[in-house]
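Have a look at the structure below, then the notes.
The values are calculated or read from the model by the stated rules, or taken from the named source; none is laboratory data. These numbers were taken from a predicted model, which means no experiment stands behind them. Cβ: placed from backbone, ideal geometry, glycine included. Neighbour counts: every protein chain shown. The accessibility values were calculated without ligands, DNA or RNA, using every heavy atom of the protein model including side chains. Shrake-Rupley method; radii C 1.70, N 1.55, O 1.52, S 1.80 Å.
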Amino acid sequence: MSLKKVEKVKNIALAAVFAGALACGLLLHPLLPDAVVSYSERRYYKQFPKMSASVVLNASWMGEFETYLLDQFPMRDGLRSVKAGALFYTLCQSDNNGVYVKDGNIFKMNGSYKEDSVMRFSEKLNTLVDTYFKKASVYVAVIPDKSQYLRPHAHLQLPYDEMTAVIQAHLHEDIAYIPLKDTLSLQSYYKTDVHWRQESLMPVVERLSAYMGFSVGKNAYQPHEYAPFYGGYYGQLGLSNITPDTLRYLSWDGIDEIEVNDIEHPGLTGVYYEKGLAGMDAYDVFLNGATPVLTLKNSRCTNGKGLLVFRDSFASSLAPLMIEGYERITLVDLRYIESSLLEEYVNLRADDVLFLYGELIPNNSDLLK
Amino acid sequence: MVFSSIAFLFVFLPVVLSVYYLVGRKAKNAVLLVASLLFYFYGEPRYTVLLVISSLSDYLHALYIENRRGTKRAKYALVSSIVVNLLLLGVFKYADFLIGAVNGALQTSIPLPHLRLPIGISFFTFQTMSYTIDVYRNKAHAQKNLLSMATYVCLFPQLVAGPIVRYVTVADELDNRAHTLDGFAKGVRRFILGLGKKVLLANSLGALSGELLNGVGSSVMGLWAGTLAFMLQVYFDFSGYSDMAIGLGRLFGFGFPENFDYPFISKSISEFWRRWHMTLGSWFRDYVYIPLGGNRVKPPRWVFNLLVVWALTGLWHGAAWNFVMWGLYLAVVISLEKLLMGRVVEKWPAILRRVYAMLFITLSFVIFNADAGIGWKNVLTGMFGTGGLPVVSAPTAYYLKSYALVCVLGVIGATPLIKKAAVTLRVRQPILAAVLEPVLCCALMVLVVAYLVDGSFNPFLYFRF
């Protein structure tokens, strides 16, 4: 073949590849139905934005349209995997979207340490105790992020020990700090998610019971499994070659007698919301996930003790394992309810008060209202 | 609308290309004009009228100048045209800056209008000014066809971020251009290459410089590396955009001028600026520097000319004092290079001359980077070890390790090495090169789309200028 002909064939190929790619992008999108939910990214996809003269003239429609096109692009998940693969395996970059992998375990870079925020966290707790809980026994525990169980790296982990020392130093003297780090290990957490595994929490429950004086140990737990469980980090990472987790939740004889009252979802009554397993975040199986105020009542316990837990999502899987020791546990998530509204919506009578947060909350304490 | 968006790549471009190649020769400019106005409207709905005003103003002024060539009226028309363009720039780009300066100097409190900067205003006003000036200088004939004139001003490939295409460059092509398979294929290759530069390299280097200059875990090495990454980011961002613009121009039968010629291989600061944003440099040379007397004047006047040109170049890049300082800094180092250092430096080995040029250029980019997280003054002082910063910190080590290959690719990509390798392959293994080219372009396109789909909306840096 002459060079001229080779050049011509090459030019035709280039033009065809380009035109084909543009045509595919243009035609495939309207042919395929718009997706509503991304389970891998755990969010709702943008739908075609409504058009009006005002949103077009102020250009906000164009921004929304671009988001819509990005969300609904054909083979979006596959392309995200291509990007993650190129980034990790070709460019040898350490993270994608701030998420990184070590030995099949996915971690997230949690930003820089903010001591001001940590001190504000302690002050917030002190204020709540002064306002509502002068007579109760008050405890604080901070759950280490799973990255704390990796080899130390000043940039990839928050300084957990330093953080908890600052918290303790700024708490009222009569507030007891409960150390949890030694009760957990990397295996206590899901590989693809930020959360801890409920089946690994017995050492945590025992540590809490030792400090707080509630009794546990009578229930015989039976595990229930849900697989595959794709945790929140899985979608952020974008790689498809990571083994998903198996989610286990523990039931016991008498679990049906636990009365659950969710202020936001009055219809929900069980400890485990099994419909949540098929939802965007299977971890919502534990007490139906995020909610401002939720109460567990244990009719089998007659010690008259009540526990109030100020918490984030970690407590959803822990609280069912503590109910054995209390007649009533109330979970309050200050990310979703103002502190000033507590008296209005929460029964604040409690013998014990536990502030239980993952380490990200003290470092971002402005999340607490 | 930006080229590296899904809306452009998979909605706007295929539709416009299809319609453009379906209609007859006479309708092609109309298609391009409507598409260009839509393109601009998508990003700046309300300011699209400015484009129309600019096109009409220079169209009418140029016709008037040509009809009264050699008279004082022609001169007045030229002044009037320049005033209209500078007014557009002054009101929409410099009003806050000028009023702020007046408020600062006179202790007044004149309210700032806070007008949003119309995308690409610096590019299209400079293009239209060059057109009218060239008509006045009798270097170009006034375009009698309003459609052709408006197509030139609004042409979407170079509308919002250059290259600054002078009318004389495309005057013939506006009315009579060839559409060949060879031109189309070259356009495709150039466009995809530019897209890759922007999305894969510029954005990654931008992320790296952002991390290293955000003040978290700062270190001396981090500030140097962050500044170098920023410099490469700007280069790949802008030269990538220019590549895309030149490539798109070819798809529609236009030949736009080159805008970059591997500036990082320069052996002097003057050479760097001859290779960087060449269409802006030549614009200032032809329409400001030479009319001021250029270098054919006494040294003090020549230094003054340089100061004026570079202060204006700085202001062109942004209505802020750091850009003025950046321009003046370059004027001073270029003057010193020409008057004092040049003779000494010329005797140095090539590698030392490159290091010398890069050092001064790097420092200029510190001043240029007004958006650095910790502020450009802190970056500048920190780079030289003041402020008690460690030589290296854990975040610096992490990001340099993580982005090592991106940096290596960036450095190699900023030199002619890849181009030379491609040329050699084409000569020695033409069939292999012919097979590889579409395959690599295809792979690059897939990778770009994958990065776009996973990433957020990434506007071009040069849009704000």
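May I ask you to list the trypsin sites (Lys or Arg not before Pro) in the stretch B:60-164 that are in a DSSP loop and have at most 15 other Cβ atoms within 10 Å of their Cβ?
B:ARG68, B:ARG69, B:ARG116, B:ARG137, B:LYS139, B:LYS144
Debye calculation, C-alpha points only, no solvent: report log10 I(q)/I(0) for the protein assembly as shown at q = 0.07, 0.11 Å⁻¹, in the same order as the q values.
Rounded to two decimals, the profile gives -0.68, -1.30.
Measure up A:LYS46/B:LYS198; A:LYS191/B:LYS401; A:LYS181/B:LYS377; A:LYS124/A:LYS146; B:LYS267/B:LYS419 against 31 Å on the Cα-Cα distance and list the ones that go over.
Pairs exceeding 31 Å: A:LYS181/B:LYS377.
So how much slack lies between B:VAL332 and B:LEU146, counting 0.36 nm per residue of separation and subtracting their Cα-Cα distance, in nm?
Full extension from B:VAL332 to B:LEU146 adds 62.6 nm.
When the chain is fully extended, how far beyond the present Cα-Cα distance does A:LEU150 get from A:THR246, taking 0.36 nm per residue of separation?
Separation in residues times 0.36 nm, less the Cα-Cα distance, equals 32.4 nm.
Mind giving me the nanometre distance, one decimal, between the label points for B:ARG301 and A:CYS24, set 7 Å out from Cα along Cα→Cβ?
6.3 nm
Within the accessible area of the stretch A:107-367, what % is carbon and sulfur when the probe is 1.4 Å and the other protein chains stay in place?
Carbon and sulfur: 48 percent of the exposed surface of the stretch A:107-367.
Taking all protein chains in place and a 1.4 Å probe, what share, in percent, of the accessible surface of chain B do carbon and sulfur account for?
Carbon plus sulfur share of accessible area: 68 percent.
Leaving out same-chain residues fewer than 8 places away, which lysines sit with a Cα under 20 Å from that of A:LYS5?
Within the straight-line cut-off, A:LYS5 pairs with B:LYS186.
Once you keep just the Cα pairs under 8 angstrom separated by 6 or more residues, what percentage relative contact order results for the stretch B:16-143?
In percent, rounded to a whole number, it is 29.
With each run of n ≥ 4 DSSP H residues scored as -39500 (n - 2.57), what mean residue ellipticity at 222 nm is computed for the protein assembly as shown after dividing by its residue count and rounding to the nearest 500 deg cm²/dmol?
Estimated from H runs of four or more residues: -16000 deg cm²/dmol.
Compute the relative contact order of chain A as a whole-number percentage, counting only Cα pairs closer than 8 Å that sit 6 or more residues apart in sequence.
The value is 17 percent.
Charges at C-beta only: +1 for Lys and Arg, -1 for Asp and Glu. How large is the resulting dipole of the protein assembly as shown about its Cα centre, in Debye rounded to 20?
In debye, rounded to 20, the protein assembly as shown gives about 5400.
Please find the FRET efficiency linking B:ARG426 to B:ALA105, where r is the Cβ-Cβ separation and R0 is fixed at 35 Å, and quote it to the nearest 0.05.
0.05
In µm²/s, what is D for chain B at 20 °C and 1.002 mPa s, where D = kT/(6 pi eta Rh) by Stokes-Einstein and Rh is the Kirkwood radius from Cα pairs?
Stokes-Einstein gives a translational diffusion coefficient of 90 µm²/s.
Residue farthest toward the positive end of the dipole of chain B, with Cβ of Lys/Arg at +1 and Asp/Glu at -1: which of B:ALA95, B:LEU228, B:ILE133?
The one lying farthest along the dipole's positive direction is B:ILE133.
Can you give the accessible area per residue of chain A, in Å², using a 1.4 Å probe?
On a per-residue basis, 45 Å².
Given R₀ = 25 Å, what would the calculated FRET efficiency be for A:ASP253 paired with A:GLN187, taking r from the Cβ atoms and rounding to 0.05?
So the FRET efficiency works out to roughly 0.35.
Along each principal axis of its Cα atoms, how long is the stretch B:211-316 end to end? Whole angstroms, biggest number first, please.
Projected onto its principal axes, the Cα set of the stretch B:211-316 covers 50, 45, 26 Å.
Which aspartates and glutamates does B:LYS28 reach when only Cα atoms under 14 Å apart count, and residues fewer than 8 places away in its own chain are ignored?
Candidates past the 8-residue exclusion: B:GLU173, B:ASP175.
Could you quote the convex hull projected area for the stretch B:6-177, Cα atoms only and averaged over all directions, in nm²?
Averaging across all directions leaves 11.8 nm² for the Cα convex hull.
Can you give the accessible area of B:SER109 in Å² (nearest 10), computed on protein heavy atoms with a 1.4 Å probe?
Rounded to the nearest 10, that gives 100 Å².
What figure in square angstrom, to the nearest 10, would you give for the accessible area of A:TRP252 with a 1.4 Å probe?
20 Å²
Of A:GLU344, B:GLU44, A:GLU259, which has the most accessible area with a 1.4 Å probe, and how do the rest follow in descending order?
Accessible-area ranking of A:GLU344, B:GLU44, A:GLU259, largest first: A:GLU344, A:GLU259, B:GLU44.
From the Cα gyration tensor of the stretch B:183-454, with a ≥ b ≥ c the square roots of its eigenvalues, which class applies: rounded if a/c is under 1.5, or else prolate if a/b is larger than b/c, or else oblate?
Because a/c hits 1.5 or more and a/b fails to exceed b/c, the stretch B:183-454 counts as oblate.
Grab the beta carbon distance between B:THR362 and A:CYS92, set R0 = 22 Å, and tell me the FRET efficiency rounded to 0.05.
So the FRET efficiency works out to roughly 0.30.
Between B:ILE351 and B:ALA370, what is the label-point separation in nm under the 7 Å Cα-to-beta-carbon projection?
Label-label distance for B:ALA370 and B:ILE351, simple model: 3.9 nm.
Would you mind calculating the relative contact order of chain B from Cα pairs under 8 angstrom and at least 6 residues apart, reporting the percent as a whole number?
18 percent
With a probe of 1.4 Å, find how much accessible area the stretch B:183-454 has per residue, and write the answer as a whole number in Å².
41 Å²
With a cut-off of 18 Å, note down the residues of the stretch B:287-312 whose backbone N falls inside the zone around a label point 7 Å from the Cα of B:ASP261 toward its beta carbon.
What the label zone holds, given the 18 Å backbone N cut-off, is B:287.
Would you list, by chain and number, the lysines whose Cα falls below 24 Å from the Cα of A:LYS305, excluding same-chain residues fewer than 8 positions away?
Cα-Cα hits under 24 Å: A:LYS134, A:LYS135, A:LYS218, A:LYS297.
Based on the Kirkwood radius over alpha-carbon pairs, what is the Stokes-Einstein translational diffusion coefficient of the stretch B:213-256 at 20 °C with 1.002 mPa s viscosity, in µm²/s?
The Stokes-Einstein estimate is 172 µm²/s.
Could I have the simple spin-label model distance between B:ASP96 and A:LEU57, label points 7 Å from Cα toward Cβ, reported in nm to one decimal?
Using points 7 Å along Cα→Cβ, the separation is 2.3 nm.
When only the heavy atoms of the protein chains count and the probe is 1.4 Å, how do B:PHE39, A:PHE65 rank by accessible area, highest first?
Ranked from most to least accessible, the order is A:PHE65, B:PHE39.
May I ask for the Kirkwood hydrodynamic radius of the stretch B:75-160, worked out over all distinct Cα pairs and given in angstroms to one decimal?
Taking the inverse mean of 1/r over all distinct Cα pairs, the stretch B:75-160 comes out at 14.8 Å.
Could you give the radius of gyration (one decimal) and Dmax (whole number) of the Cα atoms in chain A, in Å?
Over chain A's Cα set, Rg and Dmax evaluate to 25.0, 94 Å.
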